[in-house]
Structures are given as C-alpha cells and as structure tokens.
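Take a look at the structure below.
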Amino acid sequence: MFSYHPPKELRALFIAHYAPLLLIIMIGPLTALFNVWKLSLPQLATILLGVGIFFLGTYLYFRWEWFWHHIYNGQLVTEGIFQHIRHPHYTSLVIIGYGLALFFYSIAALFIATIAIPLMIWSILDEEQHLLRQYGDAYKQYMKEVPWRMIPKVF
C-alpha cells in the first residue's frame, strides 16, 4: 500500500498548526486556577457551548485524519467534505481552538485561538501554491468549483 508523507516543509507547518492548541491547553486552565482572564459571559452556558464546539471540531478533525491515513494517496480529492471546503484540516483546528477556549472560559485562550487564524490562512495560501504546482489545471478547476477554503460562504 502506498503511504503518502508530506514534504519536510509541510511537516514543519503541521507542527506550527498545533502550537496554538497546545498554548490554549496550557493557558486555558490558568483561568480557573488563578481566577484570571475570565470571559464576561454566563459561565455554565459558555463551558457547555465550548464542549459542543470542541466535539464538532474533533469530529471533523478525526474524519480528516481517517481520510488522510486511509484514502489519500497523493491524488487530488474533491469528494466528501472537499466538495464544500478545500482545507477541512485547518478548519477543524480552528474550531477545536475556539471550543477549548470557551470550555476553559478564558479570554487569553480565546485570544490565542483568534491569533491562530492568520497562521492558518498563511499556511493555506502557501499550501495552495504547492497544490497548484502538483495538480496544475485540475486544481485550478477545483478552486473554481469549490471557492471556499475553510468556511463556506466566508473564506
């Protein structure tokens, strides 16, 4: 069975994508421990909303992981979630980050989740250049058919 491994440059970006999540996981609990950086929203509702958002992002992430390890072999994939957005992996990471920030009830974690968005956008734009070189006109056509990178009708 063919096993796809991303180029080393992409592997470094993958590590950078997880850094905001790690920061959120490290900083988020400090809100409860030291009673700092609290959101000014109803606490229980915010935490429950965070759990729901986290599970949505986690579901999307594991669907992408399953795809990556079981279906993807270097070919251009335009089916499934890829019919709606071109980069579900990045979307899942942003959703997970916001879910964790709300769960931790932390304005600092929410700030980190928001700062992660430009990093994801930068990575997507960089990755799309690689995809255009790899797939050429087929990827250009796919970009026309699926104009949304992360969130349908937004970006």
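Quick notes on this structure:
- With R₀ fixed at 22 Å, the C-beta to C-beta distance from residue 18 to residue 141 puts the FRET efficiency at about 0.10.
- Computed magnitude of the charge dipole of the chain (debye, nearest 20; Cβ of K, R +1, Cβ of D, E -1): 160
- Amide hydrogen neighbours beyond the local backbone of residue 39, cut-off 5 Å, H modeled: 106, 107
- Ordering of 136-146, 45-55, 104-114 by packing is 104-114, 45-55, 136-146, highest average first (other Cβ atoms within 10 Å, averaged per residue).
- Legend: calculated FRET efficiency, residue 55 to residue 77, from the Cβ-Cβ distance at R0 = 30 Å, rounded to 0.05, equals 0.75.
- Extreme residue, positive dipole direction of region 15-155, given options 154, 20, 62 (C-beta unit charges): 154
- Projecting the Cα atoms of 95, 138, 114 onto the dipole axis of region 3-155, where Lys and Arg carry +1 and Asp and Glu carry -1 at the beta carbon, places 114 farthest toward the positive end.
- The label-point distance for residue 30 and residue 63, in a model that sets each label 7 Å from Cα toward Cβ, rounds to 3.5 nm.
- Projected label points at residue 129 and residue 47, each 7 Å from Cα along the beta carbon direction, are separated by 4.5 nanometres.
- Take every pair of alpha-carbon atoms less than 8 Å apart whose residues are at least six positions apart; their mean separation over the length of the chain yields a relative contact order of 34 percent.
- For region 107-117, Karplus couplings with θ = phi - 60° (6.51, -1.76, 1.60), whole Hz, Gly/Pro x: 5, 5, 5, 5, 4, 5, 4, 6, 5, 5, 4
- Extension gain for residue 84-residue 40 works out to 12.4 nm (0.36 nm per residue, less the C-alpha to C-alpha distance).
- Using the Karplus relation 6.51 cos²θ - 1.76 cosθ + 1.60 with θ = phi - 60°, the per-residue 3J(HN,Hα) values for region 134-151 come to 6, 10, x, 4, 4, 6, 4, 5, 4, 4, 6, 6, 10, x, 9, 7, 10, 10 Hz, with x marking Gly and Pro.
- Part-to-part distance (alpha-carbon centres) for region 53-96 and region 118-143, which is given in Å: 16
No value in this document is a laboratory result; all are computed from the given coordinates. Everything quoted here is computed from the prediction, not taken from an experiment. Positions of Cβ are backbone-derived with ideal geometry, glycine not excepted, and every protein chain shown enters the neighbour counts.
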